[in-house]
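Asker: Okay, here's the structure, questions in a sec.
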Amino acid sequence: MKMNSMKTLLMLMMFMSTMLTISSTNWMGMWMGMEMNLMAFIPYMTVMKNKKSSKAIMIYFMVQSMGSMIMLFGILMNSFITISYLMEKEIVMMTIMLGLILKMGAAPLHFWMVEMAQHMNWSSLMILMSWQKIAPMYVLSNMITMNLFTVIIIIMSAMVGAIGGINNTNLQKIMTFSSINHMSWMLLMMINKTQWMVYLMIYSIMVIMACSFFKKFKANYLNQLNIIPMSMMEKYTLASILLSMGGLPPFLGFLPKWMVIESMINSNLMILITLLMMLSLITLFYYMRMVSSLLMMFNANNKWMVINKNNISMIFIINCSLPLFSSISFF
């Protein structure tokens, strides 16, 4: 009971700190909200009692502190240095953006997130890839512009997220590389200042369902999907989650990408969106690899694998209905 109340308190602190960042009208208020969020998420990882969490906590604290220092340095430059040239203003904005990109885990500053993911449990990773992205992405959306620096970040995030997950068998790492790839689409959507929060919301729904599924079946590696005894309904549900995250139509995950494609076509960014679409096919490849191994192989019933075989939870039923809602929304 004490543990549940502590988790509830920490989650409330994460919620309030994110709301503080979003509602702030000055740089220091946004920075303070993200620091409060950091101080709430670190104890949350400790409460989860994961044996490997100590390394993940240290990595997260060091990286987030470094990102906060870079961001604070840029804020102080913006506040106290008299800026007379446009180039100097762009350098200040790039400094703040660099701190935010490090805090989000976008490429090329993504290495900490991949290393940290394999030392986390599914509950903490689920929050890291969904809720923890809201505050830095909101701040970034208010200042991002279409320049060479932004384009490089978008392309590198798409490439790292696509190529990095091919040779991985660790499910946490695969989900992390997928998150980096999705981040490039959200950054691209920020350029037009439209609908990036819709993309983040849909992506968060898919991440929560996938992580909840892996947590329920205690799956951490790709080959465990062939060992875990699952019913056909559960197999089809997991397959639909993975294909949705890969962006395959008519699943829900294709809807936000369709929005980005339409927006970029209207903005005449054809080359950039074509490159992202090609790299997104690579992410779909390793999701298809997971689905094929899941559906085309018989599961072995191991005595050591004890799973509660109750009725399918509500989250699976919701996911089964997502392709239907996605298809209806196309018309």
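Asker: Sorting Val198, Val260 on the 10 Å Cβ count, fewest up front, what's the list?
Answerer: Listed from fewest to most nearby Cβ atoms, that is Val198, Val260.
Asker: Stokes-Einstein D for region 203-264 at 20 °C, 1.002 mPa s, Kirkwood Rh over Cα pairs, in µm²/s?
Answerer: The Stokes-Einstein estimate is 169 µm²/s.
Asker: So for the pair Asn220, Glu262, with labels modelled 7 Å out along Cα→Cβ, what separation do we get in nm?
Answerer: Once both label points are built, they end up 4.3 nm from each other.
Any read-out appearing in this document is the output of simple, stated calculations on the displayed coordinates, not a laboratory observation. What you are looking at is a predicted structure, and each value in this text was computed from that prediction instead of being measured. Heads up, the Cβs are rebuilt from the backbone with ideal geometry, glycines too, and the neighbour counts pull from every protein chain shown.
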